[in-house]
Every structure is written in C-alpha cells, then in structure tokens.
Amino acid sequence: MTPHEHDGSQTVSVNPPDGARSGLRADVIQFIYKTLVITELDVRKLRHDPTEIFMRVVQPALWLLVFGQVMSQLRAIPTGDLRYLDFMAPGILAQSVLFIAIFSGITVIWERDLGIIHKFLASPTPRAALVTGKALSAGVRALSQGVIIYVLALLLGVQVNWNPLALIGTLLAVLLGAALFATFSLIIACLVKTRERFMGIGQLMTMPLFFASNAIYPIAIMPDWLKVIARVNPLSYQVDILRSLMLGLPSATNLLVDFGVLIAFTIVLIWIGARLYPEAAI
C-alpha cells in the first residue's frame, strides 16, 4: 500500500499518523505491565504458603502410582504399542492443571470480602488486564506442578521427550490450559458469590471435564455420545498437545488446531470474565 492515495482533488493519507501508532503501542505496553503486576500479586501468595504446591500434587501422584500401575498390569485399555502409564502421564498433568485452575476463582470471593476488588475496580487497570493477570498466575502455579509430575513420570520410567521445542510447547500448553480454566473459575465466582456454592460447582465441574476427555482413555473407545462431548471439551485438546510433545508422538488432531482451540476458548472466557468482574464486588 502506498503512503498516500490521490482522490482527484487532494492527497489523502491512508496510514495512521505516527502519534496514533505510538499511542497504541503505549496502551499495549501498559496493558501488559498491569497484567503482569496482577500476576505477580497473586503468585506472591505462594511465598506465604509454599506447602500448597506439594499438597496439590498428592492426587495426581496417587493416579500415577496406583491407578496407572494397576491398569498397566491389566492391559484393559487399548493404547497400541504405548505403555498405559506413558499414555496416562500427560493426561494426569492436564488433570493437575485443571484441578489447580478450577478452584483458583475462590480468591475472587475472598478479595471481595476483604474489599480488595473495590480497590481494583477503582484503579485505572482495565478489567481484561485484571482477569488475564489472575489467569496467568494460575498458569505459574500449574508450572510448578508440571515439574513435580515430570519428576514422578521419570521415576516411573515414562519415556519423556526432552526436545527443547517440545518442552517449550508443553510449557505453553500448561499455561494456556491453566489460564482457560482459571478464567472459567473466575466467571463462576462472579456469578455464585459464596464460597460454599463455588466449591460445590467446582467439584461438580471437575469430574465431568476430566472423564469426558482423552486424559485416561482414547476417544476411539468412547460411546458415540461421549465422543461428541470429548471433542468440544477443551481439556481434550490440551491433553493431545501434552501427549504429543511429552512423548514425541504424532498429534491425534493437529497441534495448530489444538493450540488454536485453547487460545480461542481463553480469549472468549477472558472477554466474558472482564464483563462480569464488576459483578463480583456486589
């Protein structure tokens, strides 16, 4: 495109002025900065209670050490030439990310009770930055769990792919999955208002999301109605990424599609969360 176009009587600029471009750039930088500040505020809470990291790993460790070992012996679930424990390990990492993220929204209820949300809303920080920052903080917590599950997988003899690009892709998948489900959790917290109701809905959602995915068995062996649910379940796409990158296997769908689905879900949920966030203060 040329910098100017002639309309027959005068020269008209078709490029945005330099001031508009620099202003947009400054707005983007400010948005990123404010998002990271919110992330840092939430992550800092781990320093006050670092035992949370280890407590969260108990359930996935039991799945790997007990369920995984038993099902490997039974050979009841067809996984081809792949050991069942290897097949299951990426699914348990996804499960751990889901369980951390889906209950992260309870902090919104605590912040409302302490009056912190009113301070956030009175600040010039965009609502989307507040929601994105909280989503990223859940991703940081999930990364610590990922390290622990990687260690458990190695101890159990899982053949992990150590390709640097695969590790970076795994990191991104964990961050995206945690951000997605943390934002979903925040939306629930904005709607239900009370801790008791939030915990009940969180418990209600985690098991269907987990079992209606490809985390612990292939989609191919599911009944037709469950296949439909699994294919619209974002956890299935996260598991597919993790299984492909952690084990060095070909993707069951396509990695670009998997990442695209997670990104699309996350953007839509952040947009909804940003609109609902002021409701959490009521």
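Of note:
- Test set (1) touching a helix residue (DSSP H, G or I) at 6+ places or on another chain (Cβ under 7 Å); (2) under 24 Å from V239 (Cα atoms); (3) β-branched (V, I, T) - I117 fails condition number: (2)
Results for (1) surrounded by 24 or more Cβ atoms within 10 Å (Cβ to Cβ); (2) in a helix (DSSP H, G or I); (3) among the hydroxyl-bearing types (S, T, Y), shown as yes or no for each residue.
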{"position": "F87", "(1), (2), (3)": "yes, yes, no"}
{"position": "R112", "(1), (2), (3)": "no, yes, no"}
{"position": "T125", "(1), (2), (3)": "no, no, yes"}
{"position": "A128", "(1), (2), (3)": "no, yes, no"}
{"position": "Y150", "(1), (2), (3)": "no, yes, yes"}
{"position": "L154", "(1), (2), (3)": "no, yes, no"}
{"position": "V160", "(1), (2), (3)": "no, no, no"}
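- Of the residues making up the stretch 151-178, those that are in contact (Cβ under 8 Å) with a residue 60 or more places away in the chain, closer than 16 Å to L85 by Cα and not small (G, A, S) number 6.
- Some residue of the stretch 179-189 being over 15 Å from the mean Cα position of the chain (by Cα) and crowded, with 18+ Cβ neighbours inside 10 Å: yes
Yes/no matrix, rows are residues, columns are (1) surrounded by fewer than 16 Cβ atoms within 10 Å (Cβ to Cβ); (2) in contact with a helix residue (DSSP H, G or I) (Cβ under 9 Å, 6 or more places away or on another chain); (3) modelled with pLDDT of 95 or more; (4) not acidic (D, E):
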{"position": "Y237", "(1), (2), (3), (4)": "no, yes, yes, yes"}
{"position": "L247", "(1), (2), (3), (4)": "no, yes, no, yes"}
{"position": "A252", "(1), (2), (3), (4)": "no, yes, no, yes"}
{"position": "L255", "(1), (2), (3), (4)": "no, yes, no, yes"}
{"position": "I263", "(1), (2), (3), (4)": "yes, yes, yes, yes"}
{"position": "G273", "(1), (2), (3), (4)": "no, yes, no, yes"}
{"position": "Y277", "(1), (2), (3), (4)": "no, yes, no, yes"}
{"position": "I282", "(1), (2), (3), (4)": "yes, yes, no, yes"}
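- Candidates are the residues of the stretch 192-202 that are part of a helix (DSSP H, G or I) and out of contact with any Phe, Trp or Tyr (no Cβ under 9 Å at 6 or more places or on another chain); the one that is surrounded by the most Cβ atoms within 10 Å (Cβ to Cβ) is I201.
- Residue in the stretch 225-232 that is exposed (fewer than 12 other Cβ atoms within 10 Å of the Cβ), modelled with pLDDT of 90 or more and farther than 28 Å from I106 by Cα present: yes
The values are calculated or read from the model by the stated rules, or taken from the named source; none is laboratory data. Everything numeric in this text was worked out from a predicted model, so none of it was measured. No Cβ is skipped: glycine too gets one built from the backbone with ideal geometry, and neighbour counts run over all protein chains shown.
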